[in-house]
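Since every read-out is calculated from the coordinates, none of them should be taken as a lab result. This is a predicted model, so every value here is computed, not measured. Glycine also receives a Cβ, built like all others from the backbone with ideal geometry; neighbour counts cover every protein chain displayed.
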Amino acid sequence: MNKNKHLSLVLALLPAPLFAQTPPADSITVPMPTVYGDIRAQAAWHQDKDYTTDIYQATVGAIGNLGYQDLKVRYQLEAEYSESEHSADKDNDLIVREANIITMLPPWGGLYIGSGTTGTWADLYSKVDIFESNNMERHSDNLLFGGKRYATNQLAYMTPWWGGFQFKVAVVSPNDSNNNDADIIGLRALYKQDNFSLVVNHSWTDKVMLPAGTEQDSQRTLIAISYQWADLYLGAVAELDYDAPYGERQVYGVSAKYTYGNTAFSLGAQYADWNNAAVENEVLGLANVRHDLNKHLAVFAEGALYSKDKPTVTQGAKSDNVNLGLIVSF
C-alpha cells in the first residue's frame with residue numbers, strides 16, 4: 001500500500017467533526033425565528049342580525065429567541081386581520097397587534113417592552129377566556145369583563161420566581177398625547193404550585209383616560225385561579241371595579257374544559273352584578289365543542305346565551321348566537 005492510500009484510510013476512520021471548520025471566536029449565530037399563523041372562518045347566527053359567513057380573523061407572526069451568556073431575549077411581531085361582529089368601524093382592519101421584546105436575566109428578573117397581549121389577560125382573564133367566537137379578541141369582545149386583551153405602550157417588570165411566587169409591575173399608556181406618562185398602573189402577585197395557579201392584580205386608571213368631568217381615578221381588582229387535572233381544566237376570575245365612571249360592579253366568571261382524545265368540550269358562565277339599581281345585571285352562558293382533525297385543521301361549534309335585560313354601557317351589542325367554524329393553522 002502506498003503512502004497516499006494509507007493516509008486516506010486513516011482519514012476515513014477518524015470522526016468527521018475533527019476536521020469540521022471551527023467558527024471564529026467572535027462570530028455570532030442568529031437563530032431563525034419561528035413563523036406561525038392561522039385563518040379562522042365561521043358561519044354565524046346572531047340574534048337580530050342576518051346569517052353571516054366570513055373569515056372573522058387571520059393572523060401571521062414571527063417569534064424568536066436570542067441569548068448572550070445569562071441574558072435571554074424573546075421578540076415577537078404579529079399582524080392580524082379581523083371582521084368585527086358589532087363595530088363597523090373595525091371591520092376589515094389590518095393591525096400589528098404584537099410588537100414586543102421580553103428580556104430575562106435570571107438573577108434580576110425581566111422586562112416587557114412594546115405592544116401586545118396585556119399581562120392581565122395572559123395571567124388572569126385567560127383562565128376563563130377559552131372560547132373561539134365569544135371571547136376578548138378584537139373581532140368579538142363579547143365577554144362581560146371590562147379589561148382588554150391588547151394594549152400599546154406597555155412597560156412591565158417581572159421578578160424571578162421565588163418558591164412558586166412571582167411579582168410584576170406594569171405601566172401602560174394607550175394614549176401618548178394626553179400629557180400623562182402613566183395612564184394605567186398595575187401591580188400583580190402570582191403563585192404557581194404543580195397544576196394550581198392563583199393570581200391577584202390591582203390597577204389604577206388615571207382620570208385623564210376616563211370621560212370628561214371624571215374627578216378621580218378608577219381602580220380595579222382582579223383575582224384568578226385555575227387547576228389542571230389530567231384531562232379536566234377549571235378556571236375562575238373575579239373582576240371588582242371601584243370608582244368607575246360607568247358605575248361600580250363586580251363580574252364573576254368560571255370556565256371548564258374536558259379533553260377526550262382530539263375533542264375538547266368547554267363550558268362557561270359569567271355574571272355581572274351592577275351596584276347601580278337602574279342597571280340590570282347580566283348573565284352569560286357559553287358552550288363549545290372543538291375537534292382537531294390534525295395539528296393544522298380544527299372544527300368547532302359554539303353557542304352563547306345572554307340575559308335579555310342588558311345595560312347599554314357595556315362593550316358591544318350583546319346577543320345570543322350560534323357559530324360553526326373552521327380553523328386552519330401553520
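Could you list 196, 145 so that the one with the fewest beta carbons within 10 Å of its beta carbon is first and the one with the most is last?
Numbers: 196 12, 145 25.
Lowest to highest Cβ neighbour count: 196, 145.
Ranked by Cβ crowding within 10 angstrom, fewest neighbours first, how are 112, 271 ordered? Write down the numbers at each step before the final one.
Values: 112 21, 271 15.
The most exposed by this proxy come first: 271, 112.
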How many nm is it between the label spots at residue 320 and residue 99, if each spot is 7 Å from the Cα in line with the beta carbon?
4.3 nm
Modelling each spin label as a point 7 Å along the Cα-to-Cβ direction, I'd like the residue 49/residue 258 distance in nm, to one decimal.
3.1 nm
For the stretch 38-329, rounded, prolate or oblate, judged on the Cα gyration tensor with a ≥ b ≥ c (square roots of eigenvalues), a/c < 1.5 rounded, else prolate if a/b > b/c?
rounded
Among 128, 299, 160 - extreme Cα towards positive end, dipole of the stretch 38-329, charges at beta-carbon:
160
Compute the label zone of residue 276 within the stretch 180-206: residues whose backbone N is under 20 Å from the point 7 Å along Cα-to-Cβ.
205-206
Kindly put 202, 139 in sequence by how many other C-beta atoms sit within 10 Å of each C-beta, fewest to most.
202, 139
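Between rounded, prolate and oblate, where does the stretch 111-165 land on the alpha carbon gyration tensor, with a ≥ b ≥ c its root eigenvalues, rounded for a/c under 1.5, else prolate if a/b exceeds b/c?
On the way: a/c = 3.20, a/b = 1.57, b/c = 2.04.
It is oblate, given that a/c is not under 1.5 and a/b is not larger than b/c.
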Going by amide H atoms built from the backbone, whose H comes under 5 Å of the H on residue 129, apart from near neighbours?
none
